[in-house]
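The values are calculated or read from the model by the stated rules, or taken from the named source; none is laboratory data. All values reported here derive from a predicted model rather than from experimental measurement. Don't worry about glycine lacking a Cβ; one is built from the backbone with ideal geometry, like all the others, and counts go over all protein chains shown.
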Amino acid sequence: MEIFGIPSQALFGQLLIGLINGSFYALLSLGLAVIFGLLNIINFSHGAQYMLGAFVAYLSLNKLGINYWVSLLLTPLLVGATGVLIEKTMLKRLYKLDHLYGLLLTFGLALIIQGVFRHEFGSSGMPYPSPEVFQGVFNLGFMFLPKYRAWVIVVSLVVCLSTWFVIERTKLGAYLRAATENPSLVQAFGINVPRMVTLTYGFGVALAAFAGVMAAPIYQVSPMMGADIIIVVFAVVVVGGMGSIMGAILTGFGLGLVEGLTKVFYPEASNTVIFVIMTIVLLLKPAGLFGTQK
Amino acid sequence: MKRNLISLAVAAACAFAGSAQAQISDGIVKIGVLNDMSGLYSDITGQGSVVAARMAVEDYIRASKSTLKVEIVGADHQNKPDVGSNVARQWYDTEKVDMIADVPTSSIGLAIAKISADKGKLHVNSGSATADLSGKACNANTIHWAYDTWMLANGTGKAIVKSGGDTWFFLTADYAFGHALERDTEAVVLKNGGKVVGKVRTPFPTQDFSSFLLQAQASKAKIIGLANAGGDTTNSIKQAFEFGITKGGQNLAGLLVFLPDVHSLSLEKAQGLMLTETFYWDLNEQTRAFTKRFAAANGGKYPSMVHAGVYSSVIHYLKAVDAAKTDDGTKVAAKMKELPTDDVLFGKGTVRADGRKIHPAYLFEVKKPSESKGPYDYYKLVSTIPANEAFRPLSESDCPLVKK
Amino acid sequence: MPMSNASPIVFKTQSFTHQWVAFAIMVLFFAIAPIWVYPIFLMKIMCFALFACAFNLLLGFGGLLSFGHAMFLGTAGYAAAHAAKVWGWNPEVAVLFATVCSAGLALIAGSLAIRRQGIYFAMITLALSQMIYFFYLQTPFTGGEDGIQSVPRGKLFGIFDLSENKAMYMFVLAIFLSGFTIIWRIVHSPFGQILKAIRENQDRAISLGYDTDHFKLLAFVISGALAGTAGATKALVFQLASLTDVHWSMSGEVVLMTLLGGLGTLFGPVVGAAIIVSMQNYLAQFGAWVTIIQGLIFVICVMAFRRGVIGEIANWLKKPL
């Protein structure tokens, strides 16, 4: 059976692959959306922190023998801790200023992080093996799906949905959302808002690092791996609606699917399709698909 | 900063008083090594090229007892044409550089070739791939060493088709270089009786090739030609492995792959890959001896084809300077074409009228992990392409210097 | 609090003597520096200075952070290179043509981006610029990765041969000073005042009856046009138009130059451009260090040096610069 001239089997294969890419977009835009939602800061260093996650995993494997599974837990904590440090020492002082300064600060940090790693490691990219249990492929009939990629989809879905659940459906999430709207009032109720803000930033950064560890076995671990993906992620967050968690997740996976389709029918455009979509969304619904006018 | 890349005056090693008869501008032959020191090509060129140039000067002066004073400077063009042309102009105009060597990234190579011609200096390129440097963009002040796209397309394409890989599917990076590689290789494949069963243009640059690789797999072509370079190539190879493409019986043909790329991929992922290079460290006793010295000076990293090109081209350049008794770019270029070349890395060869250096090329296959005895032991030789067949024949050249 | 010269400075007089003095110093410097300094290096500084000044008009005076200004630099570069090489136009016509192209692009991009404010505006400009980058990567006329090479400098007005560095230098100096003067006039004009008012408090400006979107768009177009002029001139100086000029890192660099020099000052961007270009030149052999240092400067400027070099001087003198 053929759909638009492509055998349906091939089409499903491409969509499945698109979903895998979408997992990364979703994880990354989730982190960005969380940070933006609470801090009103665009974390330009998100891509660099994603790269940090991959590199810490690579280094801990090669220098300390720490395997993938431990890295998956340890690396986000480590990188998240650096995020906490950044927030406490630098970002905090910028809250009373124009939010654009936060963007510029994180941009500068991204340059530093990427520059240091490029200096140390060059640009070639390091290999990182996927864990033993996931090597090999599932034979799905219409395609061979590497086991590791299936794992990626499952994990991202779990992480994204749990995060959404925590923020939208639990008490902690309610405090977070309240603090976004009216921090002084929430503080008056006895909630330590500054600490919550710090930890939220740390969590967002940890999410980026987590995505980095997940990415290490698939893409080469290279200092510039975060630099170009970050702009796509920005576009995803703009399309999804800047403050909306579900918007970021859905748009992330959605973009993966759209990109997958584009690669089949018109591959040359797959790099730009997100920006074209962003332009259209901006013309029709400036607040983003799921966002509210702020 | 581990290494200081500014002027290494080799003159200190040979402080002979005055160099008498030679008309060397301000008494020093100054060579500028311009390449990518921090980006995509830093392992293939970068620091290593400066090391190679230094070794070439030492070896030449020791062997020929020449009285030349030679100085080497290095700079990073960061893969940006404007930075590269800026450095070249400044070097030529204010810092008395006589010859610029290396220069990867074809767009920059072309720019330097033009600037060198405009200023009557000399550019000996080992790093760029574009065959246009000895083709329609050729000039009397540019010499193209090591390799070019024609050789790659012809070497890899022809040799593979002849050895049974006669159906091809191309994964082409969607930009000028990728198109050129694809076009040249396709022509060779067809000419030798092969068939191209499909092609897909991948946006440049791309991290994820899975969707394109699936298409290649579905095409059932025996050979998947990777008409891309750098990160795109390593990513496509890595992911092809992940999707079990090579296990399914298809072979990958890397149209622009260097030894350091294979090193960063690991044999597990790259095994079975077919590629063409004009130099490999393990070819013979002399290349092995050179490699041992080079690696010691280069942090243990083995030389790439470009490093070898820089070494070989600098030696021949100095030979020509001594023979022509001047460091005037145009005159030395003519001399380089006049003198036959002979060095430990590329053997005997010549530099043609169009500036193209001729030497044999080799088709390699990447070993399986079990076949390798240690790091960098990656290639097995499949066939040798003799020098007179390896590069585009003069009769097909569109270089205006070639009289038809 | 909008991005501008940090704490409000109270100016005692409305005299512009300090600005005239600064202007004289600047002209003198660029007039005699080529005796000692490599002229092409100086021309590069002037082009980037104009680029930064144009950017500063939008950010420092208009309060709009565009993270995609590279699209103007690059588009104009390609337009001028194409006009000079393929159509054989004279350099002044090529630069004019490129400026018009750039202005047109700014009109389109601006109308899309103005719909949102603050951070959203910045993100949209970034994404649009990225889209344009990929477009230029693929279209054949730009030469893709190679860029447009061997662009002839041509004869100014058909008479003065610009391949001679001295003549080219005069040309570039004239363009730079004209661009700078245009921005100076705009800043001190009623239009400039309205722009500042919109930057300080958009709602109040609206309540006073100003069509703020209209003014913001106009500022965007002027900024884009002048950035284009800088890009076109640069393409002629280096005889090369390449993808580097459209890449988003170029957008980041112009922000850095303006921030370092002094947001919302007239001479700040010039100083900032001079410092950054010099740094890139002299540290070129240290590769990744340039990126690291640029990042450090960003961080330091944002945390502790928000007024920038000229801003600090202006604050100390208690006079606008």
Condition (residue is at pLDDT 80 or above and farther than 30 Å from C:Ile119 by Cα) applied to the range A:91-114: is it met by at least one residue? no
The conditions are (1) of a type outside the set (A, V, I, L, M); (2) surrounded by 24 or more Cβ atoms within 10 Å (Cβ to Cβ); (3) touching a residue at least 40 places away in the same chain (Cβ under 8 Å); (4) assigned to a helix (DSSP H, G or I), and B:Gly127 fails exactly one of them. Which is it? (4)
Which one of these is touching a Phe, Trp or Tyr at 6+ places or on another chain (Cβ under 8 Å) and within 12 Å of chain A (Cβ to nearest Cβ): C:Leu64, C:Leu58? C:Leu64
Which of the residues belonging to the range B:79-113 are more than 7 Å from chain C (Cβ to nearest Cβ), touching a residue at least 40 places away in the same chain (Cβ under 8 Å), more than 16 Å from B:Thr130 (Cα to Cα) and not acidic (Asp, Glu)? B:Gly84, B:Ala88, B:Trp91, B:Lys96, B:Val97, B:Met99, B:Ile100
Return the total of residues in the range A:249-294 being part of a loop (DSSP other than H, G, I, E, B) and crowded, with 17+ Cβ neighbours inside 10 Å. 8
Considering the range A:96-120 alone, what residues qualify as being without any contact (Cβ under 8 Å) to a residue 12 or more places away in the chain and either touching a strand residue (DSSP E or B) at 6+ places or on another chain (Cβ under 6 Å) or closer than 23 Å to A:Val193 by Cα (or both)? A:Lys96, A:Leu97, A:Asp98, A:Leu100, A:Tyr101
Any residue that is over 22 Å from A:Met90 (Cα atoms) and more than 14 Å from chain C (Cβ to nearest Cβ) - is there at least one of those in the range A:196-210? yes
Taking helices (runs of 4 or more DSSP H) that do not extend beyond the range B:217-294, which have at least 1 residues that are among the polar types (S, T, N, Q)? B:231-242, B:259-265
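I'm trying to understand the selection: among the residues of the range A:123-152, which are within 14 Å of chain C (Cβ to nearest Cβ) and in contact with an Asp or Glu (Cβ under 6 Å, 6 or more places away or on another chain)? Please lay out each step first, then the result.
Keep residues of the range A:123-152 that are within 14 Å of chain C (Cβ to nearest Cβ), which gives A:123-124.
Within the range A:123-152, just A:Ser124 meets the criteria.
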When the range B:219-234 is checked residue by residue, the ones that are under 21 Å from the mean Cα position of the chain (by Cα) and of a type outside the set (A, V, I, L, M, F, W, C) are B:Gly225, B:Asn228, B:Gly230, B:Gly231, B:Asp232, B:Thr233, B:Thr234
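At least 1 residues that are among the basic types (Lys, Arg), farther than 23 Å from A:Leu250 by Cα and touching a strand residue (DSSP E or B) at 6+ places or on another chain (Cβ under 9 Å) in each: list the helices (runs of 4 or more DSSP H) lying fully within the range A:146-212 that qualify.
Values: elements: A:147-169, A:171-181, A:183-188.
Those helices (runs of 4 or more DSSP H) span A:147-169.
For A:Leu85, are the conditions met, namely being surrounded by fewer than 23 Cβ atoms within 10 Å (Cβ to Cβ), assigned to a helix (DSSP H, G or I), of a type in the set (A, V, I, L, M) and touching a residue at least 12 places away in the same chain (Cβ under 8 Å)? Reasoning before the result, please.
Numbers: surrounded by fewer than 23 Cβ atoms within 10 Å (Cβ to Cβ): yes; assigned to a helix (DSSP H, G or I): yes; of a type in the set (A, V, I, L, M): yes; touching a residue at least 12 places away in the same chain (Cβ under 8 Å): no.
When the stated conditions are applied, A:Leu85 does not pass them.
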Select from the range B:334-368 the residues that are at negative phi and assigned to a loop (DSSP other than H, G, I, E, B) and list them in ascending order. B:Leu339, B:Pro340, B:Val344, B:Leu345, B:Phe346, B:Arg352, B:Ala353, B:Asp354, B:His359, B:Pro360, B:Lys367, B:Lys368
Of (1) of a type in the set (A, V, I, L, M, F, W, C); (2) under 27 Å from A:Gly102 (Cβ atoms); (3) not in a loop (DSSP other than H, G, I, E, B), C:Val221 fails just (2)
If you check every pair at least six apart or on different chains, which have Cβ atoms under 9 Å apart with a residue in the range B:309-336 that is within 13 Å of B:Val124 (Cα to Cα) first and a residue that is polar (S, T, N, Q) and in a helix (DSSP H, G or I) second? B:Gly309/B:Ser49; B:Val310/B:Ser49; B:Tyr311/B:Ser49; B:Leu318/B:Ser64; B:Gly329/B:Ser116; B:Met336/B:Ser313
When the range C:79-137 is checked residue by residue, the ones that are farther than 30 Å from A:Val232 by Cβ, surrounded by fewer than 19 Cβ atoms within 10 Å (Cβ to Cβ) and of a type in the set (Gly, Ala, Ser) are C:Gly88
Scanning the range A:55-80 for residues that are assigned to a loop (DSSP other than H, G, I, E, B) and not small (Gly, Ala, Ser), the one nearest to A:Glu132 (Cα to Cα) turns out to be A:Asn67
Report, by residue number, each residue of the range A:238-269 that is in contact with a helix residue (DSSP H, G or I) (Cβ under 6 Å, 6 or more places away or on another chain), over 15 Å from A:Leu30 (Cβ atoms) and at the interface with chain C (Cβ under 10 Å from one of its Cβ atoms). A:Ala269
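Name every residue in the range B:131-150 that is among the hydroxyl-bearing types (Ser, Thr, Tyr), in contact with a strand residue (DSSP E or B) (Cβ under 9 Å, 6 or more places away or on another chain) and in a helix (DSSP H, G or I), in order of residue number. Steps first, please.
At the first step, the residues of the range B:131-150 found to be among the hydroxyl-bearing types (Ser, Thr, Tyr) are B:134, B:142, B:147, B:149.
From the residues that got through so far, the ones that are in contact with a strand residue (DSSP E or B) (Cβ under 9 Å, 6 or more places away or on another chain) too are B:134, B:142, B:147.
B:Ser134, the sole residue that qualifies.
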Which one of these is under 22 Å from the mean Cα position of the chain (by Cα) and either away from every other protein chain (no Cβ under 14 Å) or among the β-branched types (Val, Ile, Thr) (or both): C:Gly158, C:Gly192, C:Gly231, C:Gly154? C:Gly192
Considering residues of the range B:114-124 that are surrounded by fewer than 24 Cβ atoms within 10 Å (Cβ to Cβ) and of a type in the set (Lys, Arg) only, the residue farthest from the other protein chains (Cβ to nearest Cβ): B:Lys119
In the range B:78-90, is there at least one residue being within 30 Å of B:Phe209 (Cα to Cα) and either in a helix (DSSP H, G or I) or at pLDDT 90 or above (or both)? yes
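Give C:Gly272, C:Gly268, C:Gly264, C:Gly295 a once-over and let me know the one that is modelled with pLDDT of 90 or more and closer than 19 Å to A:Leu97 by Cβ. Let's see the steps before the verdict.
Details: C:Gly272 fails: closer than 19 Å to A:Leu97 by Cβ; C:Gly264 fails: modelled with pLDDT of 90 or more; C:Gly295 fails: closer than 19 Å to A:Leu97 by Cβ.
Testing whether each residue is modelled with pLDDT of 90 or more and closer than 19 Å to A:Leu97 by Cβ leaves just C:Gly268.
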List the pairs whose first member sits in the range C:268-297 and is facing chain B (nearest Cβ under 8 Å) and closer than 24 Å to C:Asn56 by Cα, whose second member is buried (at least 22 other Cβ atoms within 10 Å of the Cβ) and of a type in the set (Val, Ile, Thr), and whose Cβ atoms are under 7 Å apart, counting only residues at least 6 apart or on separate chains? C:Gln280/C:Val290
Buried (at least 24 other Cβ atoms within 10 Å of the Cβ), outside any helix (DSSP H, G or I) and at pLDDT below 90: is that true of B:Ala153 in this structure? no
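What are the residues in the range B:178-190 that are among the hydrophobic types (A, V, I, L, M, F, W, C), within 14 Å of chain C (Cβ to nearest Cβ) and crowded, with 24+ Cβ neighbours inside 10 Å, if any?
The first filter runs over the range B:178-190 and keeps only residues among the hydrophobic types (A, V, I, L, M, F, W, C), leaving B:180-181, B:187-190.
Within this subset, residues satisfying the condition of being within 14 Å of chain C (Cβ to nearest Cβ) are B:180-181.
Answer for the range B:178-190, where residues must be among the hydrophobic types (A, V, I, L, M, F, W, C), within 14 Å of chain C (Cβ to nearest Cβ) and crowded, with 24+ Cβ neighbours inside 10 Å: just B:Leu181.
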Looking only at the range B:191-214, decide whether some residue is more than 12 Å from chain A (Cβ to nearest Cβ), among the aliphatic types (A, V, I, L, M) and surrounded by 23 or more Cβ atoms within 10 Å (Cβ to Cβ). no
